[in-house]
1. What about S18, is it at pLDDT below 80 and open to solvent by less than 80 Å² (accessible area, probe 1.4 Å)?
2. Please enumerate the residues belonging to the stretch 49-65 that are over 23 Å from K38 (Cα atoms) and of a type outside the set (A, V, I, L, M, F, W, C).
3. Which residues, counting only those in the stretch 24-79, are open to solvent by less than 60 Å² (accessible area, probe 1.4 Å), under 12 Å from the mean Cα position of the chain (by Cα) and not hydrophobic (A, V, I, L, M, F, W, C)?
4. Would you mind finding the one in S7, S78, S39 that is among the small types (G, A, S) and modelled with pLDDT under 90?
5. Residues being among the aliphatic types (A, V, I, L, M) and touching a helix residue (DSSP H, G or I) at 6+ places or on another chain (Cβ under 7 Å): count how many of those fall in the stretch 25-59.
6. Are there any pairs with C-beta distances below 9 angstrom linking a residue in the stretch 37-62 that is in contact (Cβ under 8 Å) with a residue 40 or more places away in the chain to a residue that is assigned to a helix (DSSP H, G or I), with the two at least 6 apart or on different chains, and if so which?
Amino acid sequence: MFQKVISSLWSSPQEPVSEVKYDPTNPKMNPLNPEGLKSCCACPQTKSARDDCFLKYGPDADENCQELVQNHLACMRSLGFKL
C-alpha cells in the first residue's frame with residue numbers, strides 16, 4: 001500500500017494526448033493565413049514569376065531562377081507554410 005501511495009505522488013496522471021497535425025490552411029491554427037489559402041493558391045505573383053522563369057530557361061533554370069524561387073519560398077513561409 002505504501003508503495004502505491006508513493007508512486008502515485010511521483011507520477012503524473014496518464015491522460016491520452018490527442019495529436020492534432022499542424023494545418024497551415026486552418027486559420028485557427030495559423031493566424032498568418034487568415035483566408036485559409038492552400039499551398040497551390042498562395043502567393044500567385046511569386047509563383048507565376050518562378051514558373052515563367054523555369055519555362056523560359058528550361059535546364060538552366062537552377063542557376064537563373066534562384067532569386068525568384070527564394071522570393072516564392074519567403075512568401076510561402078510568411079503565410080505559415082513550412083517548407
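1. No: the conditions fail for S18.
2. Within the stretch 49-65, K56, Y57, G58, P59, D60, D62, E63, N64 meet the criteria.
3. Once the filter is applied, which keeps residues that are open to solvent by less than 60 Å² (accessible area, probe 1.4 Å), under 12 Å from the mean Cα position of the chain (by Cα) and not hydrophobic (A, V, I, L, M, F, W, C), the stretch 24-79 yields P24, T25, N26, N30, N33.
4. Sole residue among the options that is among the small types (G, A, S) and modelled with pLDDT under 90: S7.
5. Total satisfying the criteria: 3.
6. Close Cβ pairs (under 9 Å, with a partner that is assigned to a helix (DSSP H, G or I)) amount to S39/M76.
The values are calculated or read from the model by the stated rules, or taken from the named source; none is laboratory data. Predicted model, so just to flag it, every value in this text is computed and none were measured. Every residue, glycine among them, receives a Cβ derived from its backbone with ideal geometry; neighbour counts consider all protein chains shown. When the accessible area is computed, the model is the full protein with side chains, heavy atoms only, and any ligands, DNA or RNA have been set aside. Shrake-Rupley method; radii C 1.70, N 1.55, O 1.52, S 1.80 Å.
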